[in-house]
Amino acid sequence: MNNTYYGSLIFELSREGRRGYSLPANELKQYGMDALPAQLCREQAPGLPEVDELSVVRHYTNMSNNNFGVDTGFYPLGSCTMKYNPKINEEMCNLPAFTGLHPLQDPDTVQGALEVYYELQRSLATLAGMKEFTLNPFAGAHGELTGLMVMRSYHASRGDDKRTKVIVPDSAHGTNPASAAVCGLDVVVVKSRPDGTVDVDDLRPLLDDTIAGMMMTNPNTLGIFEHSIAEIAKLVHDCGGLMYYDGANLNPMLGKVRPGDIGFDIMHINLHKTFSTPHGGGGPGSGPVGVREGLEQFLPNPRVIRHDEDDSHYYTVENGVNSLGSISGFLGNFGVMMRAYTYILTLGKENVKNVGPLATLNANYVKESLKDSFELPIGGVCKHEFVFDGLKDKSTGVTTLDVAKRLLDFGFHAPTIYFPLLFHEALMIEPTENESRETLDAFIDVMHRIAKEAHDEPEMVKTAPHNTPVSRPDDAQAALKPIVTYRELKEENV
Ligand SMILES: *Cc1c(COP(=O)(O)O)cnc(C)c1O
């Protein structure tokens with residue numbers, strides 16, 4: 001445990017007059033000039049802490065040591081696919097030839113970057129079984145909105161303006177109904193069966209000529225493969241709707257099942273999940289959208305077009321006339337694309353086929369090893385993740401939140417908790433394919449130990465964590481009113 005960090009939280013480091021820097025004199029003064037126009041100068045000092053250099057270095061170094069990331073420990077956050085981002089991805093992304101580019105440059109001078117965009121788009125189309133992709137959207141949710149706009153453009157192009165509803169399962173990720181609402185579509189909820197999959201009998205009566213389409217993820221948010229997918233896709237298509245695939249759960253399918261082959265028309269992929277680029281803390285992300293043949297003209301502008309000439313080729317950036325318009329500045333988050341492209345190339349055709357099976361194997365290994373201590377509401381084989389409904393023995397009142405907090409004491413990131421909403425004490429675990437047998441065993445040991453503690457000494461779990469710099473902040477207030485500057489901290493007199 002890091003006492004210096006405690007010190008910086010509890011004790012004021014600032015001492016009046018203490019300095020850790022010296023700035024050059026204002027050379028303009030001798031010419032009778034001010035460095036800055038008067039109206040830009042503040043009248044009072046900004047009230048920054050007065051500290052020496054070593055205190056600053058220690059303060060920030062110790063804070064950085066308290067960060068938790070995939071590079072420091074196991075991060076089984078369900079639904080988030082917290083994969084390792086191999087360092088070669090960073091190296092490729094940081095090549096000056098790419099980082100020095102400006103989006104307003106003439107396409108003739110950025111042919112390499114356009115080739116990366118084009119080739120990544122082609123790789124994703126091949127892996128997903130789609131005709132064409134746009135890489136412009138900035139996140140999964142942004143991809144959902146873009147995909148739903150494609151859906152609307154398709155119906156509008158046929159003069160079909162009655163289709164204003166989209167069907168979403170009750171197990172869906174919250175972004176699905178939110179994106180539908182932002183796109184101006186009304187959400188119709190379809191129920192799940194006891195095994196967690198979409199209830200086809202509940203779906204049938206919802207289908208009519210007001211349905212624009214249906215959003216699904218497969219495996220669903222419980223990690224269960226939707227085995228009725230062919231029937232569902234047929235029902236939705238027969239009523240004139242389109243199938244949208246939320247590709248945030250593509251990881252266990254990678255190299256095994258292609259959304260385009262099981263009835264989906266439009267989809268997004270989270271490059272920051274399945275394709276191993278870092279995420280957390282809100283970004284940066286990338287949510288490419290793919291469509292089946294016949295929908296590509298609606299994709300957003302601008303696009304990268306490849307032109308072949310004899311034995312050479314070049315790329316242009318163009319706007320399509322039937323496009324739904326622009327949904328991002330320029331072509332999207334290029335750094336994320338570079339990482340994902342490097343990841344695909346380093347894996348290669350053969351290894352990419354192992355991603356899904358290994359992610360599935362790891363999840364089932366953890367699930368089977370822990371189901372004696374934790375309540376498993378839906379048994380059977382899961383895909384890349386699974387959900388427990390809290391402890392098996394709930395007699396001492398230890399909750400899922402308590403278990404998640406206690407895990408922090410052992411150096412593990414907590415799984416996703418209280419999502420999906422289908423269970424009261426949901427604990428959603430996704431180990432990813434990257435983790436070794438030893439890491440999974442260590443996690444399993446700790447989870448069993450916490451279950452035993454919950455029975456033998458419940459207070460220990462209920463008051464956890466005991467080893468972290470902050471124990472149980474008020475989650476809601478921390479999110480609503482984060483104190484992010486020194487001045488606010490002082491004013492609040494914390
Ligand atoms: C992460 C996730 C999303 C949203 O993706 P963002 O990139 O966070 O916007 C949508 N659906 C599911 C199932 C997810 O796990």
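Here is a yes/no grid of residues against (1) surrounded by 15 or more Cβ atoms within 10 Å (Cβ to Cβ); (2) free of Cβ contacts under 8 Å to residues at least 12 places away in the same chain; (3) over 16 Å from Leu370 (Cα atoms); (4) over 25 Å from the mean Cα position of the chain (by Cα):
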site: Leu407; (1), (2), (3), (4): yes, no, no, no
site: Phe410; (1), (2), (3), (4): yes, no, yes, no
site: Pro415; (1), (2), (3), (4): yes, no, no, no
site: Leu422; (1), (2), (3), (4): yes, no, yes, no
site: Glu430; (1), (2), (3), (4): yes, no, no, no
site: Ala451; (1), (2), (3), (4): yes, no, no, yes
site: Glu459; (1), (2), (3), (4): no, yes, yes, yes
site: Asn467; (1), (2), (3), (4): no, no, yes, yes
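Checked against (1) within 29 Å of Val304 (Cβ to Cβ); (2) of a type outside the set (S, T, N, Q); (3) exposed (fewer than 10 other Cβ atoms within 10 Å of the Cβ), Ala38 passes all but a single condition, namely (1). Of the residues making up the stretch 195-224, those that are in contact (Cβ under 8 Å) with a residue 40 or more places away in the chain, part of a loop (DSSP other than H, G, I, E, B) and under 30 Å from Pro415 (Cα atoms) are Asp195, Gly196, Thr217, Asn218, Pro219, Asn220, Thr221, Leu222, Gly223, Ile224.
Listed by position, the strands (runs of 3 or more DSSP E) enclosed by the stretch 246-314 that each have at least 2 residues that are under 14 Å from Ala128 (Cβ atoms) are 266-269, 289-291. How about the stretch 324-350: which of its residues are among the hydroxyl-bearing types (Ser, Thr, Tyr) and part of a helix (DSSP H, G or I)? Once the filter is applied, which keeps residues that are among the hydroxyl-bearing types (Ser, Thr, Tyr) and part of a helix (DSSP H, G or I), the stretch 324-350 yields Tyr341, Thr342, Tyr343, Thr346. Condition check: touching a residue at least 24 places away in the same chain (Cβ under 8 Å) and open to solvent by 40 Å² or more (accessible area, probe 1.4 Å). Does Phe334 satisfy that? Here the answer is yes, as Phe334 does meet what is asked.
This table checks each residue for (1) among the aromatic types (Phe, Trp, Tyr); (2) touching a residue at least 40 places away in the same chain (Cβ under 8 Å); (3) open to solvent by 30 Å² or more (accessible area, probe 1.4 Å).
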| position | (1), (2), (3) |
| --- | --- |
| Ser328 | no, yes, no |
| Ile344 | no, yes, no |
| Gly348 | no, no, no |
| Tyr365 | yes, yes, yes |
| Lys371 | no, no, yes |
| Gly379 | no, no, yes |
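Against the test of being charged (D, E, K, R) and within 14 Å of the ligand (Cβ to nearest atom), the options Asp170, Asp106, Asp161 yield a single qualifying residue, Asp170.
Within the stretch 350-363, the residues that satisfy the criterion of being touching a residue at least 12 places away in the same chain (Cβ under 8 Å), open to solvent by 30 Å² or more (accessible area, probe 1.4 Å) and over 21 Å from Glu226 (Cβ atoms) are Lys353, Asn354, Leu358. Test each condition in (1) assigned to a helix (DSSP H, G or I); (2) surrounded by fewer than 13 Cβ atoms within 10 Å (Cβ to Cβ) for Glu90 and report the one that comes out false. (2) is the only condition that Glu90 fails.
Residue-wise test of (1) more than 13 Å from Tyr244 (Cβ to Cβ); (2) among the polar types (S, T, N, Q); (3) within 14 Å of the ligand (Cβ to nearest atom).
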position: Glu119; (1), (2), (3): yes, no, no
position: Ser123; (1), (2), (3): yes, yes, no
position: Leu127; (1), (2), (3): yes, no, no
position: Thr134; (1), (2), (3): yes, yes, no
position: Phe138; (1), (2), (3): yes, no, yes
position: Glu144; (1), (2), (3): no, no, yes
position: Met151; (1), (2), (3): no, no, no
position: Tyr154; (1), (2), (3): no, no, no
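Name the one entry in Leu54, Leu104, Leu124, Leu48 that is under 22 Å from Asn301 (Cβ atoms), open to solvent by 30 Å² or more (accessible area, probe 1.4 Å) and aliphatic (A, V, I, L, M).
Leu104
The values are calculated or read from the model by the stated rules, or taken from the named source; none is laboratory data. Please read all numbers here as calculations on a predicted model, not as lab measurements. As a convention, Cβ positions derive from the backbone with ideal geometry for all residues, glycine included, and neighbour counts pool all protein chains shown. Side chains included, ligands, DNA and RNA excluded: accessible areas come from the protein's heavy atoms. Shrake-Rupley method; radii C 1.70, N 1.55, O 1.52, S 1.80 Å.
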